1. Count the net charge of all other residues whose Cβ sits under 14 Å from the Cβ of residue B:155, scoring Lys and Arg as +1 and Asp and Glu as -1.
2. Using only Cα atoms, find the angle between the long axis of helix B:4-13 and the longest principal axis of chain B, and express it within 0 to 90 degrees, rounded to the nearest 10.
3. Against the longest alpha carbon principal axis of chain B, how many degrees, from 0 to 90 and to the nearest 10, is the axis of helix B:278-289 turned?
4. How compact and how long is chain A, expressed as Rg and Dmax of its alpha-carbon atoms in Å?
5. Show me, bin by bin at 10 Å from 0, the whole-percent P(r) of segment B:66-141 based on Cα pairs.
6. Using only helices, what value at 222 nm comes out for the protein assembly as shown when you add -39,500 (n - 2.57) per DSSP H run of length 4 or more and divide by the total residues, to the nearest 500 deg cm²/dmol?
7. Fewest first, what order do B:106, A:172, B:157 take by the number of other Cβ atoms within 10 Å?
8. Pick out, from B:92, B:122, B:266, the residue whose Cα sits farthest towards the positive end of the charge dipole of the protein assembly as shown, with +1 on the Cβ of Lys and Arg and -1 on the Cβ of Asp and Glu.
Amino acid sequence: MAGQDYSDDQLLQLLKDAEGRLIAVKKTKDVTTQSLASLQNSINKSSTEKPITSYINPLSKIAQVDPAYLVTEEQRKQANRARVVQDPVAVKINDAKIKVATAGSQWYNLPRTNLTPELKRDLQLLHMRGVLDPKRHYKKEGSKPKIPEFSQVGTIIEGPTEFFSGRLSNKDRKRTFVEEVMNTEKMSSRFKNKYGEIQSAKTSGKKAHYKALKAKRSGVLKG
Amino acid sequence: MAGVSDKARFYLERSVPQLQEFAEKKIFAAAEIKSFVKKRSEFEHKVLARGSTPIDFAQYAAWETNLERLRQKRCSRLRIKSDSRYAGPARTFQIYDRGTQKHPGDVGLWMSYLEFARKEKGTKKWEAALTQALRLHPTKEDFWLYAARWSLERDGDMAAARSYMQRGTRFCTRNARLWIEYAKMEMIYLAKIALRRKILGLDPVEEEVAEEEVEEEDGFATSQDVISLKTHTLRSEMVAKVQVDGEAKKDPMDTPALNGAIPMAIYDSATKQSFFCTAVAEQFFDMFALFTQVRSLSRILQHVLDSMRDMYAKDASTFSCYTRWPVVTLDVTSSEFPMALATSLSRAKEARESVSVRDRAALAKKTRAWVEPILAREDIDPGVRTVLEVMLQRIE
């Protein structure tokens, strides 16, 4: 390579010669004042790639909004895009296909709800679960029970450590929530009692009440 | 006044006196006036309706501006002295006011407003709008630059420009751009002072060297807007004879402010910011190096270089600046250049040996970036050319 041909001393000599030549040349121009013309007289208008500019075009003779601003970015994008014409029949078929599909791989392909009468009852029960236990409170839902678009019914299998805490005995186990609740009602008859309570309160002062009163009176007279 | 048309009517009615004057003085024909009202009504409805865009306001303002221009032309041609001279611009200002109030986040509309106020020479309006725009968008560097630029160019008010820049640098700490521009502004100021002293012949150092040259000076004698001054009117020996008190006799060029203390201070506070890195330091270095007129340039560059060598000792940028430093302020055809290049050459060798292997390619690229433009020049000395070529080959 040419770079290796010169030693440092040779290069220094070259530069010294150059210095001699340059001193000999009478300079006609003053460097400082000459470069002054090229001096940026001002700071930059903008420091970014996308400067903030006026909407009014400064170059046009009359005041005029720069036509580039009249169409928004979104409109321009839409205008530049090729228009896609779709066959309506094909679209319908495609839509049906999509409807059959699952909730997607992000949701572990959860299938569309298969609404059997049992599931429907269960969902209704879940919606009204607030009345089952007076000590337990749940967040309010809308008045109309909503059926989920995608759902699956499963059974929780308790672990071996939960034998006493998180387990239903075989006797209590039923196929659906509704059956379980019915069974509990059979044992505790809470709703039946509650019904009786309400009825007695509601009917007090009416026909049955009056009859009982009369019977009491006659009893007193007899006695 | 709730509905759009009610509001539109309110604003339209306010323009009635102006239109009446147009008709009375026969500046515009009745048909023209009718078309103005129609057009204004269209604009008002568009602007006041829901979903109006900043562009609508800009279009309305542009139309009003054009109408005002037309009125001016007609009036001057027909020699009519109009009473409602200020009604036109006032309407435009009001449109911009309404627009910026409705769309305070739209920077384009703010800029349109500022530009209109500036061209219309409505200084008070300009200042008010600028204050509002800066308060709403303190992190937009463009507004700070705009404010500093025009207070410097229009009013020549360095103090105001400086205060804008200082306020701006408080907010814009995401990147170095505004900081560099601020330092550049201070360098321009120093360069202008240097130039002024040169024209007045106040610089004793330059005096001997440039004695004959200044007289045949082309740049300023021929320039139309500079009064040609005799260069020897204020010689230092003449000044010395005059009795003045001590404070005035001191050379103002000895003060720290005129010796580059401000750009250095800006650089120093930039080094403490989170955006600071080698690339930023190099940008500062490059920017400073442009101002060869400033006397204290070598001090400033040395300061930058020292801090770079302190903070990023092994970086390619540091070595690139280190190599370039001797020659960066010199003209290629000057007689000092060859010896400076010799220093530069030895520094390049040092840089090549001490830079990390990883940065070697970057260093070569940076070296090429400054050597190649010099090589491209026609008027350089053949010896210098050979040395530069060797330098390029060695750095690879």
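None of the figures in this text is laboratory data; all of them are computed from the coordinates on show. Being a predicted model, the structure only gives us computed values, none of them experimental. All Cβ positions, even for glycine, are placed from backbone atoms using ideal geometry, and neighbour counts span all protein chains on display.
1. Around residue B:155, the surrounding residues sum to +3.
2. The angle comes out at about 90 degrees.
3. 90 degrees
4. Rg and Dmax of chain A, Cα atoms, are 46.0, 155 Å.
5. 18, 45, 23, 12, 3
6. Estimated from H runs of four or more residues: -19500 deg cm²/dmol.
7. Fewest to most other Cβ atoms nearby, the residues stand as A:172, B:157, B:106.
8. B:92
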